[in-house]
1. Got a sec? How would Cys223, Cys362 order by Cβ neighbour count within 10 Å, fewest to most?
2. So which chymotrypsin sites (Phe, Trp or Tyr not before Pro) in the stretch 29-110 end up in coil per DSSP with only 14 or fewer other C-beta atoms within 10 Å?
3. If packing is taken as the average number of other Cβ atoms within 10 Å across a peptide's residues, how do 111-117, 307-313, 389-395, 141-147 rank, most packed first?
4. Sorting Ser401, Ser384, Ser414, Ser157 on the 10 Å Cβ count, fewest up front, what's the list?
5. Leaving out same-chain residues fewer than 8 places away, which lysines sit with a Cα under 26 Å from that of Lys107?
6. What's the ranking of 196-202, 43-49 by average number of surrounding C-beta atoms within 10 Å, highest first?
7. Given the options Gly379, Ser401, Thr417, identify the residue whose Cα lies farthest towards the positive end of the charge dipole of the stretch 372-424 (+1 on Cβ of Lys, Arg; -1 on Cβ of Asp, Glu).
8. Please state the charge dipole magnitude for the stretch 252-316, taken about the Cα centre, from unit charges on C-beta atoms (+1 on K and R, -1 on D and E), reported in debye and rounded to the nearest 20.
Amino acid sequence: LGIKSLDTSMINEEVIIVAHDLTPSDTAQLDTDKVLAFVTRDGSRTSHSAIMARSLGIPSVVGVGSELIEKAEKEMEIIVDGNSGKVYFNPDQATLDEYNEKLEEYKVEQERLKAFKDKKAETGDGHQVEVVGNMGNLKDIVPILDNGGEGVGLFRSEFLYMDRSELPTEEEQFEVYKEAAEKMGERPVIIRTLDVGGDKELPYLDFPEEMNPFLGYRAIRVCLERDDIFKPQLRALLRAGSYGNIKIMFPMIATLEELKAAKAKVEEVKAELKEEEVEYNENIDIGMMIEVPAAVMIADQLAKEVDFFSIGTNDLIQYTTATDRMNEQIADLYQPFHPALLRLIKKVVDAAHEEGKWAGMCGEMAGDKRLAPFLLGVGLDEFSMSAVSIPEVKDQIRNMSLEEAEEIAEETLSYSTAREVEKFLSE
Ligand code: PEP
Ligand code: MG
């Protein structure tokens, strides 16, 4: 139509973006010095745009509906409170004063939290867990380290595949994974193999239109069918594994066969690298995400086949409660505090421990400090989250004992509604 589209990477003055929607790749390109905040009509807390915004530390409120969005005008003064989900257009002086004060308090609290960023995530009675960060691209490493992240629990590799017109080559991927591994030194860097589909599209792959993209052709389902996509990535990961502590993680595993097929692909690629006398890490750890209820129910079987689990609650919630994570109309049903979720989480951790493996979590629930006592109490070993959440979750862990956490977990599991659970954990 000849209408100029907004290229978010070209913004060169301080702004608050008010838009219908931002794609994950629009969001990934935002310049954090210029974009102070954003508000969107569509989207939800765990849509990938919101997740990216959190990684970048950009306050945002999403899924506010059309009525508010249409009132936005250029040059308008706007307050975006990402903590409470409130947005004010043309705020009065009292509100401005209130928010300037809040901003000051927020800065003071951030300073307090950062003071112990290099301390371990250890409870008062000496139980240690790992608090690590989620990343989408190399830019995210600095904030993870600055906030005291002890490694990377989830590198969403699909962001390397976005904003381009063809698949990244093995060499391009190798360079990125190697740099991530080197920057993290001894610390673990868990890299998830390509997880496209759902709300993450790759226009150049020309996938079929689907009725239910989140239940469709995505993630490992694509990779297992497409050697041209999967093998270059596995080669790059195995090769980069010689430069640091990289671990490979498969997304969206729903069956034991899928896991075995993905592992077989790793072995196939290893044999090729060996044959070609290319350097790679023979002993790389292999893990999988638990995002599908079916995987939870056979976690005892899956645990025998992997080195670790990482619970992807963003998807696990949507598949357990049959609630699209992108749909703000039914956002009330997308319940992280649903007792079903809590029981599933416990089952996964128990199944991992039964086989002597560790279990982490890299969905957004891991970064909610209210849930930290519960997760600690059921024995979660690793908490992976946006960099900004690391200090407060560490603070929460350091300020309690394992014994207390276990008591809290037990009581949490006795409630029968999300409302009761949330009330209890919030208090
Ligand atoms: C998850 O589903 O919880 C997860 C971490 O993966 P993503 O948010 O990228 O789907
Ligand atoms: Mg997921």
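Every number here is computed from the coordinates shown, using simple stated rules; none is lab data. Predicted, not measured: the structure shown is a model, and the values here were computed from it. Every residue, glycine as well, gets a Cβ built from its backbone with ideal geometry; the counts of neighbours run over all protein chains shown.
1. Working: Cys223 25, Cys362 29.
Ordered by Cβ neighbours within 10 Å, fewest first: Cys223, Cys362.
2. For chymotrypsin sites (Phe, Trp or Tyr not before Pro) across the stretch 29-110 that sit outside H, G, I, E and B with at most 14 neighbouring Cβ atoms in 10 Å, the list is empty.
3. Sorting 111-117, 307-313, 389-395, 141-147 by mean packing, highest first, produces 307-313, 389-395, 141-147, 111-117.
4. Details: Ser401 14, Ser384 30, Ser414 10, Ser157 26.
Going from least to most buried by this count: Ser414, Ser401, Ser157, Ser384.
5. Lys34, Lys86, Lys117, Lys119, Lys120, Lys139, Lys369, Lys394
6. Values: 196-202: 20.6, 43-49: 24.3.
Packing proxy ranking, top to bottom: 43-49, 196-202.
7. The listed residue farthest towards the positive side: Thr417.
8. Details: 6 positive and 16 negative charges, 66 e Å.
It comes to approximately 320 debye.
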